[in-house]
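These notes concern the structure reproduced below.
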């Protein structure tokens, strides 16, 4: 069984390598890959020179995420309140509609 897994894994790796090579024949893809690689190298160099910057960026992203979570939580609470109000008022509204319908039905019969 292990031998089959190794064959499948080797086939997947070879297929992925072939896919990468075929993709690199496309000039715009090569240029985009080169640009992304250069950007990554530049960022890594910046972070190497200023290691505190990484933690500052992470803290900033964490704060943004916390704020987003607070907003989503508040929105969900509001929606939950609205749904609960609808649950309370819907039977009353249905009752009023039924009474109104009955009233006009009895008037029509008269």
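Read-outs throughout are calculated quantities, based only on the coordinates presented, and are distinct from any laboratory measurement. Here the structure is a predicted model, which means the values were calculated and not measured. All Cβ positions, glycine included, derive from the backbone under ideal geometry; neighbour counts span all protein chains shown.
Can you give the helix-only mean residue ellipticity at 222 nm for the chain, where every DSSP H stretch with n ≥ 4 adds -39500 (n - 2.57) and the sum goes over all residues, rounded to the nearest 500 deg cm²/dmol?
Dividing the helical sum by the residues of the chain leaves -35000 deg cm²/dmol.
Please list the radius of gyration and Dmax for segment 58-110, considering alpha-carbon atoms only, with Å as the unit.
Calculated on Cα positions, Rg and Dmax stand at 22.7, 76 Å.
Quick one: angle between helix 51-109 and the longest Cα principal axis of the chain, in degrees between 0 and 90, rounded to 10, please.
Orientation of helix 51-109: about 20 degrees from the principal axis.
Helix 27-49 against the longest principal axis of the chain: what's the angle in degrees, Cα atoms only, rounded to the nearest 10?
Orientation of helix 27-49: about 90 degrees from the principal axis.
How big is Rg to Rh over the chain, alpha-carbon atoms, Rh as the Kirkwood inverse-mean-distance radius?
Taking Rh as the inverse mean 1/r over Cα pairs, Rg/Rh reads 1.45.
Name the shape class, rounded, prolate or oblate, that the alpha-carbon gyration tensor gives for segment 21-62, where a ≥ b ≥ c are the square roots of its eigenvalues, rounded holds for a/c under 1.5, and otherwise prolate holds if a/b is larger than b/c and oblate otherwise.
Details: a/c = 4.91, a/b = 2.70, b/c = 1.82.
Taking the square roots of the gyration eigenvalues as a ≥ b ≥ c, segment 21-62 is prolate.
Just to be sure I understand the model, the point goes 7 Å from the Cα along the line to the Cβ. What's the resulting residue 27 to residue 85 distance in nm?
6.2 nm
Enter the Cα centre distance for the pair segment 46-82 and segment 20-40, rounded to the nearest angstrom.
Centre-to-centre distance over Cα atoms comes out at 32 Å.
On a full-extension model of 0.36 nm per residue, what is the gain between residue 53 and residue 34, subtracting their alpha-carbon distance, rounded to one decimal in nm? Spell out each step's value before the answer.
Details: separation 19, 0.36 × 19 = 6.84 nm, distance 2.49 nm.
The residue 53-residue 34 span can extend by a further 4.4 nm.
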